[in-house]
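Participant: Here it is: the structure, laid out below.
The values are calculated or read from the model by the stated rules, or taken from the named source; none is laboratory data. As the structure is a computational prediction, the values presented were derived from the model and not from experiment. Here Cβ is always computed from backbone atoms with ideal geometry, including for glycine, and neighbour counts include all displayed protein chains.
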Amino acid sequence: MSVEELVRFDGEALGHARHTVLADLTLGLRTGERVALLGPSGVGKSTLLAALRRRLGQRAAWCPQEHGLVPPLSVYHNIYMGRLERHSALANLINLLRPRRDAWRDIQALCGELGLEELLKRPVAQLSGGQRQRVAIARALYQARDIFLGDEPVASIDPHQARRLLSMIQRQHATCVIALHQRELALTHFDRAWGLRDGQLILDAPARELTLEDLDTLYPDAHSPDASPEPA
Amino acid sequence: MSAERAPGLLAGDSLNLRLARRSLGLIALCLILLPFADLAITTHDPWAELGRMISGLLRPDILATQSLPHAIALTIGFALWGTLLGVVLGFPLALLFPRSRLLRGSCAFVRAIHELFWALLLLQVFGLSAVTAIAALTIPYAGIFAKVYAEILELTPRAPVDALPEGVGRFSRFVYAELPMVWARLSSYTRYRFECAMRSSVLLGFVGLPTLGFHLESAFREGRYAEAGALLWVFYLMIASLHLWGHRRLLPWIALGSLFLLGPWPDIDGALLWRFVSVDLWPNPLLEGNWSGLWQWFGEIPDLLPAIGNTLLLGLMGTAGSLVVALLLWPLASRHFGNRPTRMAGKGVLILMRSTPELMLAFIFLLMLGPSMLPAWLALSLHNGALIAFLVARHADAIVPGSHALPASSRYTYELLPRLYGGLLALLFYRAETIIRETALLGMLGIATLGFHIDSSFAYLMFDQAFFLLLITAGLNIAVDALARRYRPREIADTPGERGHPGREATC
């Protein structure tokens, strides 16, 4: 195979100090692959993403859920933090008091695409949940890396906009691993799906070979009438 | 089948029963030791004196004090610069605080000595100048800020730091992902400290610095109660209007403007300062290495053990008294009792009592009742009791009672107190450290605690003795704090509001 393999796990156990979350994990991520990560909440999606993030280091942009933002700071500063390591401490400090002109221009353009253009100066604390998620995505895009790792970046965003944002993310990153709970999006916007359940990787297949029913098996309550994950 | 017997009085293992036993133990110990306290009323007619004071308060004479605006400006200027420099010193120390045991010890030490004692010490070198006043606030405040800021910084949420890209430097990480997360808490604590500094700044007048307290003390002492009443009103107005003039945008200008009033600055003689620190403060036999002489030196300190005993006794009495006062008074300000006018009045009384520093209250009672432990006891109990009652009432207001039909007494005993008691006791034990600090200080009014001997040692220029007594006072304070920390209820049932650190706003 000519495609480079970026990361490979070979029967590894992932977890915290004393508690194994994912046992005996075997999978690989290849360049140019768009992977949807599925599974019920608490199953270890974040643990797997954190492990990928450690392995990929500076090559991956990281988009955590909204709690990674700093609510008292403005949208501009929260997005700027995506490139915090590329400037000196002094430059960063001055930027807090007076935004850098070049960074402001770039971030303004980025915010225009994400529908945040009027909000650059507003503290994140004053934004709605959906707006915060877009700020988190903007910060990850601003990092300008090859690979995108996202922990439910489109969780509380309406379906139409979620599609648009995923397309935007994927236009900028050939390779991505994105945790989702909208199963339909996994089939339409991704090349491959990883499914976790009960501490195991039980699904690792190309998206075109999968159906919604296959994905339903990941969720223990999927067959009871009212417990299916939010429809997308 | 035999029915289980009802448990005996206060028997049982529930949290509140344990707390009740603990507090009754405290009150019992206080009652047992009470006969050792000197509680005599030595004035001829205390009620007439009180009447004259109250009539002074009701008919204040605002024009009687010369240079009142200057005294007000100095009071604010000292408080502002004392706090500001305290922040400048305390903040960097807070960053090192968790890592250095020596630093934590030194901070505990400078905190343990009251602002007024620092003023007495610094007075010997810098005279009655702004340097003395500001440093007397800055030194203990730096220790306090170091500790409290460190506690606040410790609670910084981790998520924003974890979300940062790899390779961000420490400084950038701190100013972007950590500091903003706790900024609101840091600044609200600083603001609260400034209010404390205002009170302390007034008190600096008691050692002769020309703040509001200086005029207040002389007016009271000389029986000019109309003038004293006016000054008290000015003081209350200053505290109550803090939110109006203490605006973030305004404070820098006030700080700069007050600089012009703070002078004249003293000439600091380096050699003299060094001599004071290296020679004057230490017992001569110790510097000479004469151990038997040192023993004799100890013997010459008058009434050391009685002074320590009195300080501890008064501290205990003050703590027990505050508990009783708080239990009695908190319903006054709570929405669960009375009607709107009674609550307004109750809140007013509590705010007045908690805004008046113990030293000032004690001084007023002293003029009424004559020199004994009684005025100090009353002052400690009323001030601290009112302060705790005010906070407890606020916690109580956050509670939604289960049934509205209960009469007031059952609402107090069954609905509310069981949920509030843990918080109340925690506040009291936090407060114990402050009470013992104040107790030592009240000696300056002539009550036979450590402060009395510190004050007179300074008066007789026996700096070595004064410094030794200050060290004893600080040690006592640190020991009482450790003791209170041990007995403080940890598992507080149902206290809404500032969980984890209920005492932070009750420490000045």
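Participant: Give segment B:173-223 a look and list any residue that's charged (D, E, K, R), within 14 Å of chain A (Cβ to nearest Cβ) and within 21 Å of residue B:85 (Cα to Cα), or say none.
Facilitator: In the first step, residues of segment B:173-223 are kept if they are charged (D, E, K, R); the result is B:173, B:178, B:185, B:191, B:193, B:195, B:199, B:217, B:221-222.
After this cut, where a residue has to be within 14 Å of chain A (Cβ to nearest Cβ) as well, the list is B:173, B:178, B:185.
Correct list: B:185 only.
Results for (1) within 13 Å of chain B (Cβ to nearest Cβ); (2) touching an Asp or Glu at 6+ places or on another chain (Cβ under 8 Å); (3) exposed (fewer than 15 other Cβ atoms within 10 Å of the Cβ), shown as yes or no for each residue.
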{"site": "A:48", "(1), (2), (3)": "no, no, no"}
{"site": "A:95", "(1), (2), (3)": "yes, no, no"}
{"site": "A:105", "(1), (2), (3)": "no, no, yes"}
{"site": "A:118", "(1), (2), (3)": "no, no, yes"}
{"site": "A:125", "(1), (2), (3)": "yes, no, yes"}
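Participant: Sticking with this structure for a sec: Considering only residues that are part of a loop (DSSP other than H, G, I, E, B) and either buried (at least 21 other Cβ atoms within 10 Å of the Cβ) or more than 14 Å from every other protein chain (Cβ to nearest Cβ) (or both), look in segment B:140-163 and name the one that is farthest from the chain's Cα centre (by Cα).
Facilitator: Pass one, segment B:140-163, residues part of a loop (DSSP other than H, G, I, E, B): B:155-158, B:163.
If we keep only those that are either buried (at least 21 other Cβ atoms within 10 Å of the Cβ) or more than 14 Å from every other protein chain (Cβ to nearest Cβ) (or both) too, we end up with B:155, B:163.
Numbers: B:155: 25, B:163: 41 Å.
Within segment B:140-163, the match that is farthest from the chain's Cα centre (by Cα) is B:163.
Participant: Answer yes or no: is there a residue in segment A:82-91 that is under 21 Å from residue A:68 (Cβ atoms), of a type in the set (S, T, N, Q) and facing chain B (nearest Cβ under 9 Å).
Facilitator: no
Participant: Given the structure, is residue A:56 more than 23 Å from residue A:163 (Cα to Cα), in contact (Cβ under 8 Å) with a residue 60 or more places away in the chain, away from chain B (no Cβ under 12 Å) and not in a strand (DSSP E or B)? It would help to see each step written out before you state the result.
Facilitator: Values: more than 23 Å from residue A:163 (Cα to Cα): yes; in contact (Cβ under 8 Å) with a residue 60 or more places away in the chain: yes; away from chain B (no Cβ under 12 Å): no; not in a strand (DSSP E or B): yes.
So residue A:56 does not fit the description; no.
Participant: Same structure again: Within segment B:126-180, work out how many residues are without any contact (Cβ under 8 Å) to a residue 24 or more places away in the chain and out of contact with any helix residue (DSSP H, G or I) (no Cβ under 9 Å at 6 or more places or on another chain).
Facilitator: Of the residues in segment B:126-180, 1 are without any contact (Cβ under 8 Å) to a residue 24 or more places away in the chain and out of contact with any helix residue (DSSP H, G or I) (no Cβ under 9 Å at 6 or more places or on another chain).
Participant: How many residues does segment B:45-62 contain that are outside any helix (DSSP H, G or I) and without any contact (Cβ under 8 Å) to a residue 60 or more places away in the chain? Lay out the reasoning, then the answer.
Facilitator: Filtering segment B:45-62 for residues outside any helix (DSSP H, G or I) gives B:45, B:59-62.
Narrowing the set further to residues that are without any contact (Cβ under 8 Å) to a residue 60 or more places away in the chain leaves B:45.
Final tally of qualifying residues: 1.
Participant: Between B:304, B:312, which is at pLDDT 90 or above, hydrophobic (A, V, I, L, M, F, W, C) and under 30 Å from residue B:430 (Cβ atoms)?
Facilitator: Numbers: B:304 fails: at pLDDT 90 or above.
Going through B:304, B:312 in turn, the sole match is B:312.
Participant: What's the number of the only condition in (1) without any contact (Cβ under 8 Å) to a residue 40 or more places away in the chain; (2) among the basic types (Lys, Arg); (3) within 18 Å of residue B:165 (Cα to Cα) that residue A:8 fails to meet?
Facilitator: So the condition that residue A:8 fails would be (3).
Participant: Next up: Given B:32, B:54, which one is under 24 Å from residue B:321 (Cβ atoms), of a type in the set (Val, Ile, Thr) and not assigned by TED's automatic domain parsing to the domain that holds residue B:310? Please lay out each step first, then the result.
Facilitator: On the way: B:32 fails: not assigned by TED's automatic domain parsing to the domain that holds residue B:310.
Just a single option satisfies the conditions, and that option is B:54.
Participant: Test of understanding: among A:21, A:75, A:70, A:7, which residue is surrounded by 16 or more Cβ atoms within 10 Å (Cβ to Cβ), modelled with pLDDT of 90 or more and either more than 28 Å from residue B:181 (Cβ to Cβ) or more than 12 Å from every other protein chain (Cβ to nearest Cβ) (or both)?
Facilitator: Values: A:21 fails: modelled with pLDDT of 90 or more; A:70 fails: either more than 28 Å from residue B:181 (Cβ to Cβ) or more than 12 Å from every other protein chain (Cβ to nearest Cβ) (or both); A:7 fails: modelled with pLDDT of 90 or more.
Step by step, each of A:21, A:75, A:70, A:7 is checked, and only A:75 is surrounded by 16 or more Cβ atoms within 10 Å (Cβ to Cβ), modelled with pLDDT of 90 or more and either more than 28 Å from residue B:181 (Cβ to Cβ) or more than 12 Å from every other protein chain (Cβ to nearest Cβ) (or both).
Participant: For segment B:206-235, which residues satisfy the criterion of being assigned to a helix (DSSP H, G or I) and without any contact (Cβ under 8 Å) to a residue 24 or more places away in the chain? Full working, then the answer.
Facilitator: First pass over segment B:206-235, keeping only residues assigned to a helix (DSSP H, G or I): B:206-207, B:212-221, B:225-235.
If the condition is that a residue be assigned to a helix (DSSP H, G or I) and without any contact (Cβ under 8 Å) to a residue 24 or more places away in the chain, then B:218 is the only one that fits.
Participant: Moving on to the next point. Looking at B:375, B:371, can you tell me which residue is outside any helix (DSSP H, G or I) and either over 18 Å from the mean Cα position of the chain (by Cα) or over 30 Å from residue B:416 (Cβ atoms) (or both)?
Facilitator: Working: B:375 fails: outside any helix (DSSP H, G or I).
That would be B:371, the only listed residue that is outside any helix (DSSP H, G or I) and either over 18 Å from the mean Cα position of the chain (by Cα) or over 30 Å from residue B:416 (Cβ atoms) (or both).
Participant: Something else: Tell me, yes or no, whether segment B:425-441 has at least one residue that is assigned to a helix (DSSP H, G or I), farther than 21 Å from residue B:378 by Cα and either out of contact with any Leu (no Cβ under 6 Å at 6 or more places or on another chain) or among the β-branched types (Val, Ile, Thr) (or both). Lay out the reasoning, then the answer.
Facilitator: As a first pass, look at segment B:425-441 and keep what is assigned to a helix (DSSP H, G or I): B:425-441.
Add one more test, that the residue is farther than 21 Å from residue B:378 by Cα, and what stays is B:426.
From what is left, the residues that are either out of contact with any Leu (no Cβ under 6 Å at 6 or more places or on another chain) or among the β-branched types (Val, Ile, Thr) (or both) are B:426.
There is at least one residue in segment B:425-441 that is assigned to a helix (DSSP H, G or I), farther than 21 Å from residue B:378 by Cα and either out of contact with any Leu (no Cβ under 6 Å at 6 or more places or on another chain) or among the β-branched types (Val, Ile, Thr) (or both).
Participant: Sort through B:7, B:69 and tell me the only one that's part of a loop (DSSP other than H, G, I, E, B), surrounded by fewer than 13 Cβ atoms within 10 Å (Cβ to Cβ) and modelled with pLDDT under 95.
Facilitator: Details: B:69 fails: part of a loop (DSSP other than H, G, I, E, B).
Residue meeting the stated conditions: B:7.
Participant: Which residues, taken from segment A:59-92, are touching a Leu at 6+ places or on another chain (Cβ under 9 Å), small (Gly, Ala, Ser) and part of a helix (DSSP H, G or I)?
Facilitator: A:68, A:82
Participant: Does residue B:38 satisfy being surrounded by fewer than 16 Cβ atoms within 10 Å (Cβ to Cβ), of a type in the set (Asp, Glu) and outside any helix (DSSP H, G or I)?
Facilitator: Values: surrounded by fewer than 16 Cβ atoms within 10 Å (Cβ to Cβ): yes; of a type in the set (Asp, Glu): yes; outside any helix (DSSP H, G or I): yes.
Criteria met by residue B:38.
Participant: Check B:349, B:325 and return the single one that is within 18 Å of the chain's Cα centre (by Cα) and either part of a helix (DSSP H, G or I) or farther than 17 Å from residue B:425 by Cβ (or both).
Facilitator: Working: B:349 fails: within 18 Å of the chain's Cα centre (by Cα).
Only one candidate qualifies: B:325.
Participant: In the set A:181, A:173, which member is under 13 Å from the mean Cα position of the chain (by Cα) and modelled with pLDDT under 90? I'd like the intermediate steps shown before the answer.
Facilitator: Details: A:173 fails: modelled with pLDDT under 90.
Of A:181, A:173, the one residue that is under 13 Å from the mean Cα position of the chain (by Cα) and modelled with pLDDT under 90 is A:181.
Participant: What are the residue pairs meeting all of these: first residue in segment B:11-27, first residue without any contact (Cβ under 8 Å) to a residue 24 or more places away in the chain, second residue among the aliphatic types (A, V, I, L, M), Cβ atoms under 7 Å, and 6 or more apart or on different chains?
Facilitator: So the pair list comes out as B:17/B:10; B:21/B:10.
Participant: Counting only residues that are assigned to a loop (DSSP other than H, G, I, E, B), closer than 16 Å to residue B:81 by Cβ and of a type in the set (Gly, Ala, Ser), how many does segment B:236-275 have? So that I can check it myself, show each step before the final result.
Facilitator: Our first condition is that a residue be assigned to a loop (DSSP other than H, G, I, E, B); within segment B:236-275, this holds for B:241, B:246-250, B:263-269.
Right, trim to closer than 16 Å to residue B:81 by Cβ and you get B:246, B:250, B:263-266.
Those left that are additionally of a type in the set (Gly, Ala, Ser): B:246, B:263.
Going through segment B:236-275 one residue at a time, the tally reaches 2.
Participant: Which members of segment A:163-208 meet the condition of being part of a helix (DSSP H, G or I) and either basic (Lys, Arg) or closer than 14 Å to residue A:46 by Cα (or both)?
Facilitator: As a first pass, look at segment A:163-208 and keep what is part of a helix (DSSP H, G or I): A:163-172, A:183-189, A:207-208.
Hits for segment A:163-208 are A:163, A:164, A:171, A:183, A:208.
Participant: Count, please, the residues in segment B:278-297 that happen to be in a helix (DSSP H, G or I) and surrounded by 13 or more Cβ atoms within 10 Å (Cβ to Cβ). I'd like the intermediate steps shown before the answer.
Facilitator: Filtering segment B:278-297 down to residues in a helix (DSSP H, G or I) leaves B:278-280, B:284-288, B:291-297.
If we keep only those that are surrounded by 13 or more Cβ atoms within 10 Å (Cβ to Cβ) too, we end up with B:280, B:284-286, B:293-294, B:297.
Summing the residues that are in a helix (DSSP H, G or I) and surrounded by 13 or more Cβ atoms within 10 Å (Cβ to Cβ) in segment B:278-297 gives 7.
Participant: In segment A:17-53, what count of residues is obtained for those that are out of contact with any His (no Cβ under 9 Å at 6 or more places or on another chain), in a loop (DSSP other than H, G, I, E, B) and either among the hydroxyl-bearing types (Ser, Thr, Tyr) or without any contact (Cβ under 8 Å) to a residue 24 or more places away in the chain (or both)?
Facilitator: 5
Participant: Further, regarding this structure: How do the pairs read when you match residues in segment B:92-121 that are within 27 Å of residue B:178 (Cα to Cα) with residues anywhere that are of a type in the set (Phe, Trp, Tyr) and surrounded by 13 or more Cβ atoms within 10 Å (Cβ to Cβ), using Cβ under 7 Å and keeping only pairs 6 or more apart or on different chains?
Facilitator: Within 7 Å, the pairs are B:94/B:145; B:94/B:149; B:103/B:97; B:104/B:97.
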